[in-house]
Structure formats: C-alpha cells, structure tokens
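The values are calculated or read from the model by the stated rules, or taken from the named source; none is laboratory data. The shown structure was predicted, so the numbers you read here are calculated from the model rather than taken from an experiment. Neighbour counts are summed over all protein chains in view; Cβ atoms, including those assigned to glycine, are modelled from backbone coordinates with ideal geometry.
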Amino acid sequence: MTIPTQQLEFELTDAPEPKKGDRIQTPTTVARYRLSLVREPESVYAATLGIEPPRLSDPRAASRWLAEHLDQEPYETFGALFLDTKHALIGESILYRGTLNRAAVEPRGVLASALLLNAAAVIVFHNHPSGDPTPSPEDIAFTHRLSEACELVGLRLVDHLVIASAKASVSMAERGLLS
C-alpha cells in the first residue's frame, strides 16, 4: 500500500481556517494519519482477492518489482517493503521524497511503519534518477545506522536496494554492505 502524499498535501493546504473546537493539524497528527494508512497489510487485501502476495527474498526479484514502480520517478524516492516471517509482502510504503540527487531519510520512519505492520523483516529501497545505481557513501552510512536500529527492535533488514532502472540496480546485501 502506498501512502497518498498528494492527498495529504491537498487536505492540509486547502483546509479552511480552524474554528473553536476544530481539530488542528499538527506534525504529530499528520504523522499519525500517514502511519494509519499503512496499517492494513497488503497481504490481507490480496487475500480478499484470492491473490498470493509476492515473496521477495531474492534481491533480483525485488529489484525488478520495484523498478516497475520507480521507473518514471524524477526525484530520489525512498521506501520500504514490509515482509512477514516467510518474506511475503505485507505492505509497502514510500516514506520520503527528495530532490534530484538526495533524500533526507531517518531510520525512525522505517521502524515506525514496520512496527505498525508487525513486520518481521524489511527491504528498503531508493532510486537514483541519474541512472547510476552505485551506492553513495551517505547511502552506505545510512544503511549501517538502519541495520543497527532494526537489530535493536528485532526487525531483520533483508536488503537496501538502489534502483536506477529495470536493468540497473545494486543490492547492498549482495555487496556485503548491510552492517
């Protein structure tokens, strides 16, 4: 499930001035709203349609699946695939959008979403619109921080994928860059 950030932006920018007794949108209420959108696992929705959720334990399969979604993104986009204990997809979320060549990302957003879904594992990903999938030093440093944070809460970081195109991606797990 992808968080509809455009809908959220519309609701916040076009909201009328609050009156006495109205709920006021604060960063905390906005964060709760955004996190509530990822509560229903994709596997639950898929089960109602009789569809088996994809298993994404193989980095190449995950990269191909993600490339379809990120192919036309003009800006760096960071997200996560949330997995159950058998690595079946139970949710997905775009967590951060950035500029042409960077996205400000914190482990906290990944952990909060994963814990809400009761995920056992997570694959994080981001695209490189430049077409070069080589992880930057910042990408590697963030991955180390995220790996440590995941370990603290009993969440397994399966991989950090850098997607440049359907044919150009890097698996940090395959390169031994997760910890």
Next item on the list: All but one of (1) under 18 Å from Val170 (Cα atoms); (2) under 14 Å from the mean Cα position of the chain (by Cα); (3) modelled with pLDDT of 85 or more hold for Glu138, so report the exception by its number.
Entry: (2)
Note to self: Being in a strand (DSSP E or B) and either of a type in the set (Ser, Thr, Tyr) or free of Cβ contacts under 8 Å to residues at least 12 places away in the same chain (or both) is the filter here; which residues of region 88-126 pass it?
What the structure shows: Ser93, Tyr96
Note to self: Pull out all pairs, ordered by first then second residue, where Cβ-Cβ is under 7 Å, the residues are six or more apart or on different chains, the first lies in region 132-145 and is among the hydrophobic types (A, V, I, L, M, F, W, C), and the second is in a loop (DSSP other than H, G, I, E, B).
What the structure shows: Ile140/Leu177; Phe142/Val105
Note to self: Against the definition (in contact with a helix residue (DSSP H, G or I) (Cβ under 8 Å, 6 or more places away or on another chain), among the basic types (Lys, Arg) and in contact (Cβ under 8 Å) with a residue 40 or more places away in the chain), how does Arg64 come out, yes or no?
What the structure shows: no
Next item on the list: Kindly list, by first and then second residue, each pair from a residue in region 168-179 that is under 19 Å from Ser130 (Cβ atoms) to a residue that is of a type in the set (D, E, K, R) and in a strand (DSSP E or B), limited to pairs with Cβ atoms under 9 Å and residues at least 6 apart or on different chains.
Entry: Ser171/Asp159; Met172/Asp159
Notebook entry, point to check: Restricting the search to region 122-172, which residues are loosely packed, with under 14 Cβ neighbours inside 10 Å, of a type in the set (Ser, Thr, Tyr) and farther than 18 Å from Asp71 by Cβ?
Noted result: Thr134, Ser136
